[in-house]
Amino acid sequence: RAKGEGRGLYRFFEQAMDEETRVRRTLAFELRDAIVENQLELYYQPLADVSSNGIVGFEALVRWHHPVHGTISPTVFISIAEESGFISELGEWVLRTACAEAGRWKEKLKIAVNLSPLQLEQPNLPEIVHEALIAGRLAPNRLEIEVTEGSLMRNPQRALDVLRRIKALGVGIAMDDFGTGFSSLSTLQSFPFDKLKIDRSFVDRVGEHAQASSIVRAVLGLSRSLEIRVVAEGVETAAQFHFLAEQSCDEVQGFMIGRPMPIAAYADVVNGETAVPSVERLRA
Ligand code: C2E
Ligand code: MG
Ligand code: MG
Ligand code: MG
């Protein structure tokens with residue numbers, strides 16, 4: 001291959017990388033104004049209890065309605081917020097908003113909030129959680145925080161300390177995206193988890209893929225013996241739902257039950273206007 005050709009390709013990648021860095025830097029800058037400009041919004045995705053067949057809570061999932069780029073996914077801007085040191089401010093906004101909104105619901109449903117690994121490194125996180133509960137007049141047992149396996153590995157001692165202090169407030173702790181990280185099953189015992197969320201990548205293949213089904217079955221068996229509730233993420237089909245129900249999975253979440261949407265879309269559920277909010281009804 002001619003030398004010039006490789007150089008051209010290199011230039012191409014270099015320019016593409018410059019472009020990406022530039023875009024991320026601009027977004028990081030704009031993100032700082034997004035809160036005061038009211039561009040951030042929490043969407044809510046229902047969690048359904050399998051045995052009672054009803055909605056027991058919602059997970060808050062943040063959205064950024066950018067004036068030029070439209071709605072930007074949290075998978076993009078959470079990492080930008082982490083890199084630019086803005087995540088603690090963003091995380092605090094999410095906590096306070098979720099507690100305030102859930103505090104206004106007539107039904108005493110649970111509200112789950114995601115935490116970035118960097119938030120777990122903030123020694124004053126338990127105080128921030130406590131203040132959000134007070135300001136939103138939300139009972140601590142209605143709040144659940146979700147952390148990933150990776151966030152425990154960075155500094156396990158500090159993470160354990162912070163999680164214990166949050167749990168002492170009466171708040172629930174859930175392990176998110178279980179199975180995608182590197183932690184061992186013993187992590188489940190050493191950290192104060194009330195709940196475990198099996199990652200969507202396993203749920204995707206249950207029923208049709210023997211290996212995924214065995215993993216899900218094993219996780220359910222282990223969690224039962226540790227008395228940890230299990231939620232299956234990303235339930236999209238009736239076949240997946242029936243497999244999970246048969247294996248006595250406690251809760252399900254996914255497009256089949258409901259998509260993340262502004263809370264107005266679930267007004268009837270949070271205000272108790274649906275006599276028995278059931279999975280069957282939502283599936284119809
Ligand atoms: P997560 O906590 O695992 O949230 C579940 C993600 O899976 C959500 O994506 C949701 O829309 C998607 N999902 C739910 N059910 C289904 C399904 O049946 N099929 C498919 N294909 N996808 C489904 P989303 O809202 O884009 O959020 C992505 C991730 O961004 C979240 O993953 C969470 O880690 C992070 N995130 C979202 N909001 C926040 C936040 O307020 N703070 C922090 N630190 N992270 C957040
Ligand atoms: Mg989550
Ligand atoms: Mg998850
Ligand atoms: Mg996930």
Flagged in the range 234-257 as surrounded by fewer than 16 Cβ atoms within 10 Å (Cβ to Cβ), within 18 Å of S214 (Cα to Cα) and either within 15 Å of ligand 2 (Cβ to nearest atom) or among the charged types (D, E, K, R) (or both), in numbering order, are E246
Just give me the residues in the range 13-53 being closer than 24 Å to R142 by Cβ, more than 17 Å from the chain's Cα centre (by Cα) and buried (at least 19 other Cβ atoms within 10 Å of the Cβ), in sequence order. V50
State which residue is nearest to the chain's Cα centre (by Cα) when the search covers only the range 258-281 and only residues that are closer than 30 Å to I215 by Cα, at pLDDT 95 or above and not charged (D, E, K, R). P260
Kindly establish whether V231 is under 15 Å from Q247 (Cβ atoms) and crowded, with 17+ Cβ neighbours inside 10 Å. yes
Just to be sure, is R142 in contact (Cβ under 8 Å) with a residue 40 or more places away in the chain and of a type in the set (D, E, K, R)? yes
Scanning the range 84-119 residue by residue, those assigned to a strand (DSSP E or B) and either under 13 Å from the mean Cα position of the chain (by Cα) or β-branched (V, I, T) (or both) turn out to be I111, A112, V113, N114
Would the range 201-222 turn up any residue that is at pLDDT below 90, in a helix (DSSP H, G or I), within 16 Å of ligand 1 (Cβ to nearest atom) and not polar (S, T, N, Q)? yes
Residue by residue through the range 174-193, note down the ones that are within 16 Å of ligand 1 (Cβ to nearest atom) and touching a strand residue (DSSP E or B) at 6+ places or on another chain (Cβ under 7 Å). A174, M175, D176, D177, F178, G179, G181, F193
Go through the range 137-155 and report how many residues are exposed (fewer than 14 other Cβ atoms within 10 Å of the Cβ) and either assigned to a helix (DSSP H, G or I) or within 16 Å of the chain's Cα centre (by Cα) (or both). 1
Considering (1) within 15 Å of ligand 4 (Cβ to nearest atom); (2) assigned to a helix (DSSP H, G or I), say which one D176 fails and leave the rest. (2)
Residue that is modelled with the lowest pLDDT [pool: residues in the range 85-100 that are out of contact with any strand residue (DSSP E or B) (no Cβ under 7 Å at 6 or more places or on another chain) and either surrounded by fewer than 17 Cβ atoms within 10 Å (Cβ to Cβ) or of a type in the set (A, V, I, L, M) (or both)]: G85
From S186, S201, S116, residue being in contact with a helix residue (DSSP H, G or I) (Cβ under 7 Å, 6 or more places away or on another chain) and of a type in the set (G, A, S): S116
Picked from the range 54-70 (must be of a type in the set (A, V, I, L, M) and either within 16 Å of ligand 2 (Cβ to nearest atom) or outside any loop (DSSP other than H, G, I, E, B) (or both)), the residue surrounded by the fewest Cβ atoms within 10 Å (Cβ to Cβ) is V56
Hey, does the range 60-72 have a residue that's of a type in the set (D, E, K, R) and more than 15 Å from the chain's Cα centre (by Cα)? no
Consider the range 101-121. How many of its residues are within 16 Å of ligand 1 (Cβ to nearest atom) and either under 16 Å from K167 (Cβ atoms) or surrounded by 19 or more Cβ atoms within 10 Å (Cβ to Cβ) (or both)? 10
Taking D250, is it touching a Ser or Thr at 6+ places or on another chain (Cβ under 6 Å) and not β-branched (V, I, T)? no
Within the range 164-182, can you find the residues that are within 16 Å of ligand 2 (Cβ to nearest atom) and more than 22 Å from V56 (Cβ to Cβ)? G179, T180, G181
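The values are calculated or read from the model by the stated rules, or taken from the named source; none is laboratory data. Treat the numbers as computed from the prediction; the structure is a model and nothing was measured. Every residue, glycine among them, receives a Cβ derived from its backbone with ideal geometry; neighbour counts consider all protein chains shown.
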